[in-house]
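See structure below.
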Amino acid sequence: MAAVRGLSLTAAALRAVTPWARGRLLAASRGPQARREASSSSAEAGEGQIHLTASCVQRLLEITEGSEFLRLEVEGGGCSGFQYKFSLDTVINPDDRVFEQGGARVVVDSDSLAFVKGAQVDFSQELIRSSFQVLNNPQAQQGCSCGSSFSIKL
């Protein structure tokens, strides 16, 4: 029971100290709500999918409430040309793809999906940081040492 409380306290503490509230940086939403879901276990297999690691699923179940999900976007910038941006969101847009595993959801817009299709989303916890990361991105040629930016294969 203490371990369960510890996890809940950690999630509550994380919510209290990080700007993950709806409507802020990590919860930026666009456009009207629309539902179009495609599960990672759907018939559409292969590189058009985003795969979630067990640690990603576990962490998302700890920090999300209600209809919240993790949004993954790719933006221009970073030291390698493109960078990953993670945020908590509640609005699913018409051009979004939803990848669900074990009750945890990751949503990627169609433009960003072209840069991350076939990749794996992980949650990494280290002494100096804890973060969601994109691993094994088949669209990336190389990345920076911090793992938050990448260049694409041409």
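Since every read-out is calculated from the coordinates, none of them should be taken as a lab result. In this text, all values refer to a predicted model and were calculated from it rather than measured experimentally. All Cβ positions, glycine included, derive from the backbone under ideal geometry; neighbour counts span all protein chains shown.
So, by mean Cβ neighbours within 10 angstrom, what's the order for 59-68, 116-125 with the highest one leading?
Numbers: 59-68: 15.4, 116-125: 18.6.
Taking the mean over residues of other Cβ atoms within 10 Å, the ranking is 116-125, 59-68.
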Q: List every residue whose amide H lies under 5 Å from the amide H of Leu52, counting only residues 5 or more places away in sequence or on a different chain, with H placed 1.01 Å from N in the peptide plane.
A: Val121
Q) According to a simple spin-label model (label point 7 Å from Cα along Cα-to-Cβ), what is the distance in nm between Leu127 and Thr90? A) 3.9 nm
